[in-house]
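Note sheet for the following structure.
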């Protein structure tokens, strides 16, 4: 170090490690696959109630979509595992720096805007900077949960400023919506039986509405 400089009082270095990176990448990729397939599965459950019989071409397209989802999931897993395994977080008294194999960024303590903790096994801590005065860009340093010394990083960041928690309301709304989708799987067929007798157009609208709700519910998980 140069003259007049001194080392920071404390430096914390954090990483996930290969094992935790694999677990987290596998869980995130699996959730992504379910997000893509769950609304389709719901549609396959409901469409036969409209009296529509799947053709050979339909099943060929379904298999192709399923294969595409599997390939995309495997690619996503490999990319995410490499990025998480290469993640290095350095936290001292002045700044937090995150580095991966592809990029690096630093959020200075003096330009800190907020710190948010996302709960759950796939959660972690987001450290957000104030917008850049010229470009308006906000830097976000992410510290994923799962590695050793995560508690030390959290405790050090809490000394910077109080940590905000993700609001419970958003999670609660999604949980209730998910429960509604489960209920739809059991009750929508009976509802459709009644509406098909009256109007297939109304029944088709109900199917599209259920699909849209399923997509919205699964999107943020």
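Please treat every number below as a calculation from the coordinates, not as lab data. Not measured: the values here are computed from a predicted model. Glycine also receives a Cβ, built like all others from the backbone with ideal geometry; neighbour counts cover every protein chain displayed.
Of the residues 100, 35, the one with the fewest other Cβ atoms within 10 Å heads the list, and the complete ranking is 100, 35. From most to least packed by mean Cβ count within 10 Å, the peptides 118-129, 81-92 give 81-92, 118-129. The length gained on full extension between residue 121 and residue 148, counted as 0.36 nm times the residue separation minus their Cα-Cα distance, comes to 8.3 nm.
Counting neighbouring beta carbons within 10 Å and listing from fewest to most, the residues 58, 150 come out as 58, 150.
Which ordering of 11, 143 is given by a fewest-first count of other beta-carbon atoms within 10 Å?
If I rank by nearby Cβ atoms, fewest first, I get 11, 143.
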